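Everything below concerns the one structure shown next.
Coordinate-derived values only; no laboratory data. Just so you know, these numbers come straight off a predicted model, no measurement behind them. Here the Cβ positions follow ideal geometry from the backbone for every residue, glycine too, while neighbour counts run over all protein chains shown.
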Amino acid sequence: MKRDRVRKESSAQSIGVCYGRNGNNLPSEQQVVNLYKANSVGRMRVYDPIPATLQALRGSNIEIILDVPNPRLQSVASDASVAAAWIQTNVRDYSPEMK
């Protein structure tokens, strides 16, 4: 009985995949979201908060980790008003329809 419970708990974990935009002939953001959903990928790491990507993720039920791009990292880390503006633009403007 205990062994079955362990199997059920471990199988409930979600798969996550990183989503980068470096390359040629990339599928559209919506095609990527559809591909994730079709393959039961429930988590996505987004390296750059591109509005089209965030828009495609709205209502998708995909959990995201959203990176602050390296060129912005210093200013976001050192200035609370810059951080608040970044959060407003890249998170709050898309919530509560995003996870």
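Per-structure values
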{"quantity": "Filter result (part of a loop (DSSP other than H, G, I, E, B) and touching a helix residue (DSSP H, G or I) at 6+ places or on another chain (Cβ under 9 Å)) within the stretch 28-64", "calculated": "28, 49, 50, 58, 60, 61, 62"}
{"quantity": "Those residues of the stretch 65-90 which are part of a helix (DSSP H, G or I), surrounded by 13 or more Cβ atoms within 10 Å (Cβ to Cβ) and not aromatic (Phe, Trp, Tyr), in sequence order", "calculated": "72, 75, 76, 82, 83, 85, 87, 89, 90"}
{"quantity": "Long-range neighbours under 9 Å by Cβ, at least six apart or interchain, first residue without any contact (Cβ under 8 Å) to a residue 60 or more places away in the chain within the stretch 38-63, second surrounded by 16 or more Cβ atoms within 10 Å (Cβ to Cβ) and acidic (Asp, Glu)", "calculated": "50/29; 52/29; 53/29; 54/29; 55/29; 56/29; 57/29"}
